[in-house]
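Below: the structure, in structure tokens.
The values are calculated or read from the model by the stated rules, or taken from the named source; none is laboratory data. It should be emphasised that the depicted structure is a prediction, and the values quoted were computed from it without experimental measurement. So basically every Cβ, Gly included, is an ideal-geometry build from the backbone, and we count neighbours across all protein chains shown. Note: accessible area is taken over every heavy atom of the protein model, side chains too, but ligands, DNA and RNA are not part of it. Shrake-Rupley method; radii C 1.70, N 1.55, O 1.52, S 1.80 Å.
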Amino acid sequence: MSRTVSSWILSSARSSIILQGKGRWYSICIPNRNKIKWKLVFSKTCPYPAGSCSLDRTFSFPKAFRHTSTEEEHFSFQLSPAQINNILRAGELSHRTLDLNGKNANSVLRFESNQLASNSPIEDRRSAATCLQTAGMMFGVFDGHAGAACAQAVSERLLHYIAVSLMPRQSLEEIELAVEAMKPVRPILQWHRHPNDVEYQEIASQYFENLRVYWQHLLDLDTEPGFSLEEAMICAFKRLDSDISLEVQAPQENELMRNIALQVAFSGATACVAHIDGVHLHVANTGDCRAVLGVREEDGTWSTLPLTRDHNAYDE
């Protein structure tokens with residue numbers, strides 16, 4: 001409703017008229033020194049003709065009702081450049097990748113990301129991590145819908161599934177033996193998180209157990225585990241999607257975990273993930289999210305190259 005009201009106000013501000021029509025919102029121009037504020041009223045009929053609103057006069061409606069509880073409150077849509085900048089940069093992240101010696105450890109010297117919410121609470125998520133198996137860097141963007149639960153879960157889990165898919169048998173056996181002996185498990189990823197990023201701590205142990213089932217499945221394969229990057233991405237996407245569907249069907253004694261599993265399964269998310277290692281770039285996506293490569297030419301101009309194809313209703 002607020003977006004609709006705002007559009008009515010701005011439309012009226014441009015034309016300086018009162019909008020006619022039964023049961024519509026009307027805007028009233030109220031002069032206030034150098035600023036013009038807009039007061040919303042609601043009326044079944046409009047007693048004044050369209051175009052009769054001007055800056056030197058205001059109108060009162062004998063039976064008017066505002067959509068807020070404060071009768072004298074007016075609306076101002078003026079933001080300072082500093083306020084606009086703060087809103088646009090609130091979700092900004094800038095990270096320079098260094099190794100323990102303070103030198104660049106990867107072909108990715110620096111990365112930046114940002115988020116700008118179109119709804120509240122925000123439904124989108126992002127992930128960035130160094131894959132300790134390949135020393136490559138992985139970046140993910142996840143556009144949630146019907147809530148943030150699925151995008152949240154996928155942002156926490158998908159990069160782990162890709163990393164496990166890339167591990168050779170020896171590495172998988174080492175982490176399995178460590179879990180069996182209740183010893184610390186060697187990290188699989190080095191995360192690069194934004195301070196505003198959140199995690200489902202309550203269900204982290206469940207996520208780890210299901211990841212363990214996945215690497216146990218890889219150990220049971222007759223062939224040597226350790227896919228190519230293309231195979232690892234495809235397998236990880238499909239396996240996580242399957243796990244999300246199975247988790248909501250499994251009996252849960254913990255009500256909180258069951259509720260989270262339900263929210264994850266009944267919402268949804270797109271996913272776009274890139275793995276960068278040296279000159280090698282691999283990108284995988286599901287849903288209508290897109291990766292675009294920007295290239296700076298020798299003359300200083302920029303060109304763009306889409307790296308993914310949108311997965312939507314237009315793609316049979």
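Give the separation of the Cα centroids, region 176-192 to region 235-276, in Å.
22
For region 164-222, report the translational diffusion coefficient in µm²/s to the nearest whole number, using Stokes-Einstein at 20 °C, 1.002 mPa s, and a Kirkwood Rh over Cα pairs.
165
Consider a paramagnetic label point 7 Å from the Cα of residue 179 along Cα→Cβ; state which residues of region 239-255 have an amide N under 16 Å from it.
It comes to 239-240, 243-244, 247, nothing else.
So how do 179, 264 rank on accessible area, 1.4 Å probe, biggest first, that is with the largest at the start?
The most accessible residue leads, giving 179, 264.
Which of the chymotrypsin sites (Phe, Trp or Tyr not before Pro) found in region 221-316 are in a DSSP loop and have at most 11 neighbouring Cβ atoms, other than their own, within 10 Å?
314
Please arrange 177, 189 by accessible surface area, largest first, computed with a 1.4 Å probe and ligands excluded.
Ranking 177, 189 by accessible area, largest first, yields 177, 189.
Given a 1.4 angstrom probe, I'd like the percentage of the accessible area of region 163-308 that is carbon and sulfur, rounded to a whole number.
Carbon and sulfur atoms account for 52 percent of the accessible area of region 163-308.
Please work out, to two decimal places, the log10 of the ratio I(q)/I(0) at q = 0.17, 0.33 Å⁻¹ from a Debye calculation in which every Cα of region 189-230 carries one identical scatterer.
Cα-only, vacuum Debye calculation for region 189-230: -0.72, -1.09.
Starting from the 7 Å offset along Cα-to-Cβ, what nm value, one decimal, do you get for the label separation of residue 298 and residue 145?
4.5
Taking Cα atoms of region 181-316, Rg/Rh with Kirkwood Rh, to two decimals?
We get a ratio of 1.02 for region 181-316.
Using a 1.4 angstrom probe with every protein chain in place, what is the largest-first accessible-area order of 215, 191?
Per-residue accessible area, sorted high to low, gives 191, 215.
Where the only charges are on Cβ atoms (+1 Lys, Arg; -1 Asp, Glu), what is the dipole of region 75-228 about its Cα centre, to the nearest 20 debye?
Charge dipole, region 75-228, about its Cα centre: 620 debye, nearest 20.
Whole number in Å², please: accessible area per residue of region 122-244, 1.4 Å probe, ligands, DNA and RNA not counted. Walk me through the numbers before you get to the answer.
Values: 5760 Å² over 123 residues.
That works out to 47 Å² for each residue.
On full extension of the chain, what length is gained from residue 220 through residue 316, given 0.36 nm per residue of separation minus the C-alpha to C-alpha distance?
31.0 nm
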